[in-house]
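Worksheet: one structure, shown below.
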């Protein structure tokens, strides 16, 4: 049996999560089609075609088509449009820069300045998999975090988008600022953070109770559990995914600057600040009221309301 819903999953986890998060919130069975890129994916393919796919992935999308395909990212857009030409309804995340009118629903961050159009749904940040149910389950799974002193501040570390790791001095300054108002810290590094920066964070957090998850550490990843037990979140502003996932909580979210940020990042931060969903780290630890942001749930509801799934 062919599932009615396909997710065209980009190899990049953060990009795939945007499409997967929507599919999970629809409450319908879905098939994940893992996309693998071939040499032609480097070309600016601006029409519906599976030509950018490696052979195995190309064969997978030529199976009997679903009713709806959910995708994210520029490279998956030609594949989605190729399916659209075969009668498949399409929901795509992130502006591809071409043929935007051809998607049944295009989900675009407000920071990317989407035009007003009947098929375009502007959102704050990006969609993701950090649903209320997932956070509730993680709070049970990681109940050991309850023993840490409050306020428990979660520190999510990325790094400059185009550099080889965050400068250790920058990482130490961010961690030191967090240590100044936290009762305990739950910190995690990412691919862009770098070992030297993680070591600097460990030194800055040494005087107080903390749990530091370094990039590549073995064992279960406590990332969702950290967010589930947070009293406040400090997140570096390079990652649209981490920022958006942080906003799924109900606690204050503060944005830290890892260096190397560009205009698109600044527009994202401005949109979140204007909506009252986040503040800059310089404003911490002053609390501020905010509701959990559930843009993924809103997108899923819109997909169902439009009869696309």
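Derivation of every value follows stated rules applied to the coordinates shown; laboratory data play no part. Bear in mind the structure is a predicted one, so any value in this text is a computation, not a measurement. When we count neighbours, we look across all protein chains shown, and the Cβ atoms used for this are built from the backbone with ideal geometry, even at glycine.
Structural remarks
- Against the chain, whose longest principal axis is taken from its Cα atoms, helix 168-179 shows a tilt of about 70°.
- Viscosity 0.692 mPa s, 37 °C: Kirkwood-radius Stokes-Einstein D of the stretch 57-192 over Cα pairs, µm²/s: 176
- Helix 295-305 and the long axis of the chain differ in direction by around 20°, with both axes built from C-alpha atoms.
- Gaussian network model of the chain, Cα within-10 Å springs - most flexible of 284, 136, 16: 136
- To the nearest ten degrees, helix 13-26 and the longest principal axis of the Cα atoms of the chain are 70 degrees apart.
- A Gaussian network model of the chain, with springs between Cα atoms under 10 Å, assigns the largest mean-square fluctuation among 293, 205, 43 to 43.
- The sum of -39500 (n - 2.57) across all DSSP H runs of n ≥ 4, divided by the residue count of the chain, sets its helix-only mean residue ellipticity at 222 nm to -9000 deg cm²/dmol.
- The distance from the alpha carbon centre of the stretch 1-54 to that of the stretch 204-245 is 28 Å, rounded to a whole number.
- Average projection, convex hull of the Cα set of the stretch 137-244: 6.3 square nanometres.
- Relative contact order (%) - criterion: Cα under 8 Å, at least six apart; region: the stretch 132-283: 27
- Normalised by the number of residues in the chain, the mean separation of alpha-carbon contacts (under 8 Å, six or more apart) gives a relative contact order of 17 percent.
- Gaussian network model of the chain, Cα within-10 Å springs - most flexible of 260, 52, 165: 260
- A crude spin-label estimate for the pair residue 4 and residue 133, with each label 7 Å from Cα along the Cβ direction, gives 1.6 nm.
- When the alpha-carbon atoms of the chain are used, the pair Rg, Dmax equals 20.0, 61 angstrom.
- Volume per residue of the C-alpha convex hull in the stretch 1-66, rounded to whole Å³: 92
- Span from the the stretch 80-147 Cα centroid across to the the stretch 156-184 one, whole angstrom: 28
- The mean sequence distance of close C-alpha pairs (under 8 Å, at least 6 residues apart), as a share of the length of the stretch 117-188, puts its relative contact order at 38 percent.
- Rounded if a/c under 1.5, otherwise prolate or oblate - the stretch 158-309, Cα gyration tensor axes: prolate
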